[in-house]
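The values are calculated or read from the model by the stated rules, or taken from the named source; none is laboratory data. What you see is a predicted model, and the numbers here were worked out from it, not measured in a lab. Positions of Cβ are generated from backbone atoms using ideal geometry, with glycine treated the same way; all protein chains shown enter the neighbour counts.
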Amino acid sequence: MDELFRHRAALVCYARPIVRDRAEAEDVVQEAFLRLAGSSDRSRDGAARAEVRNPLSYLYRIVRNIALDKVRRDRIERREEEAPQWWMLPPQAPSPEDEAARAQMIERIEHVLGEMEPRMRLALEMNRFEGFTLQEIAQRLGVSVATVHRLVRDALTRVALMLGEDEE
């Protein structure tokens, strides 16, 4: 290993054009030596390993692979930093067409709600808009939980059918 360590400066010069920074090149070479030392430790532990014919060439290959991996990793990180995630972008203002479609959909939903029996509408509004549980609604309306579940399910089905008709 000491014989290979004499080539450290040449290895740094080899890695520098790849990573484009001397400090990074030194880190790459250090990591390469650590990997080489780790692989020789495994071979002493009895792991089946082919003997390296030319350790210096092998070390150059390790340096090259580590340097290229680092460049790829840095490129990916920069790309992620440059392109903000969707949740980081400011919300886009809806277009006039989107606003008109939304207003029409609200009118249709209100129409469907207006045609429902009062108890069904109340159960749906308490559950979906006010956040009451089925148990709490059942207590307030004086009915069973199963009845509240049926009322909410039927109300949602009517709204979904109305929305499905609009898409056709």
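Just a few scattered comments:
- Residue tally, condition assigned to a helix (DSSP H, G or I) and among the small types (Gly, Ala, Ser), over the stretch 117-142: 2
- Test: residue in the stretch 62-70 that is without any contact (Cβ under 8 Å) to a residue 24 or more places away in the chain and in the same structural domain as ARG20 (by TED's automatic domain parsing): yes
- Among helices (runs of 4 or more DSSP H) entirely within the stretch 1-116, having at least 2 residues that are at pLDDT below 95 and under 30 Å from ARG128 (Cβ atoms) singles out 96-115.
- Criterion (under 30 Å from VAL28 (Cα atoms) and either free of Cβ contacts under 8 Å to residues at least 60 places away in the same chain or exposed (fewer than 11 other Cβ atoms within 10 Å of the Cβ) (or both)) met by exactly one of GLU125, GLU81, GLU99: GLU81
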